[in-house]
Amino acid sequence: KLIDILEPKQDDIIIDFFAGSGSMGHTVLNYNLNSVNSDLRYILIQLPELLDPKKSLQRVAVEFLDSIGKPRNIAEITKERMRRVAAKIKEENPDYEGDLGFKVFKLDSSNIKAWDGGTEDLQKSLEDYVNHIKDDRTSSDILYEMMLKSGIELTADIQTVEVGGNKVLSVDGCRLLTCLDDEIKSDAINDVASKMIELKKENTDVECTVLFLDKAFPDDSAVLNITETLKQSGIDNIR
């Protein structure tokens, strides 16, 4: 009823800042299923508030989370509900082609180490900053931070292309091209560059940024090699 009152346009975003168990997300998926040409999206925001098994109103939820091996917090219930709603819709409507997926993000510090030039042990600071990505971060963490900093929506399409033992990612129709693997061997550099050039040619009107990890290359000459190869094909914004 609330969504009907809002009279949303086809692809509006419905935001619930206190998502609880995910009832608003559940409603949006059902609304799309039952409405012609509706493609509403949702954002659910829920702090990972701990549940207390000693409280009678929370005991059932705690037992449920324990049974599926999830942490005892409300956000886990939100996520699990949305998984089950999507599965149920697909099971009951096998021909339905609407988007039932979702991504989960949490607020965190940057993946990049802050430079500490004021430390008394400058040698140690330099050694620590050789790899300036924090040790506990994944390539997905880095990718989504760069998407945010590049003004690319977190819901943007991400195409993954295998190039030998490496992965090249094309984000939002080539607005961001990246290989975030920890290692790109010397004999694979030309192949990675060629694939990026090929992807860029499919999106000639897009201004493209290319991103690599410094540590992925065996030496400076390898960095220079791939940089010059890309620039010769008109890709200038390389980081």
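We did not get these values from a lab; they are worked out from the coordinates using the rules stated. The structure displayed is predicted, hence computed values, not measured ones. As a convention, Cβ positions derive from the backbone with ideal geometry for all residues, glycine included, and neighbour counts pool all protein chains shown.
Data table
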quantity: Local electrostatic count at residue 97 - Lys and Arg +1, Asp and Glu -1, tallied over other residues with Cβ under 11 Å; calculated: -2
quantity: Residues of type lysines that residue 9 reaches as a straight line, Cα spacing below 26 Å, ignoring anything fewer than 8 places off in the same chain; calculated: 1, 79, 88, 90, 103
quantity: Trypsin sites (Lys or Arg not before Pro) within segment 28-119: DSSP coil, no more than 11 neighbouring Cβ in 10 Å; calculated: 54, 55, 103, 106
quantity: Proximal lysines to residue 195, defined as alpha-carbon separation beneath 25 angstrom and excluding residues fewer than eight positions away on the same chain; calculated: 149, 167, 185, 215, 231
quantity: Under 5 Å, built H, 5+ apart or other chain: amide partners of residue 217; calculated: 184
quantity: Per DSSP, loop chymotrypsin sites (Phe, Trp or Tyr not before Pro) in segment 1-42 with at most 10 further Cβ within 10 Å; calculated: 17, 18
quantity: Prolate/oblate/rounded label for the chain (Cα gyration tensor, a/c 1.5); calculated: oblate
quantity: Exposed GluC sites (Glu not before Pro) absent: longest stretch of the chain, with sites in DSSP loops and at most 12 other Cβ within 10 Å deemed exposed; calculated: 1-48
quantity: Cut-off 9 Å between beta-carbons: net charge of the residues surrounding residue 230, Lys and Arg +1, Asp and Glu -1; calculated: 0
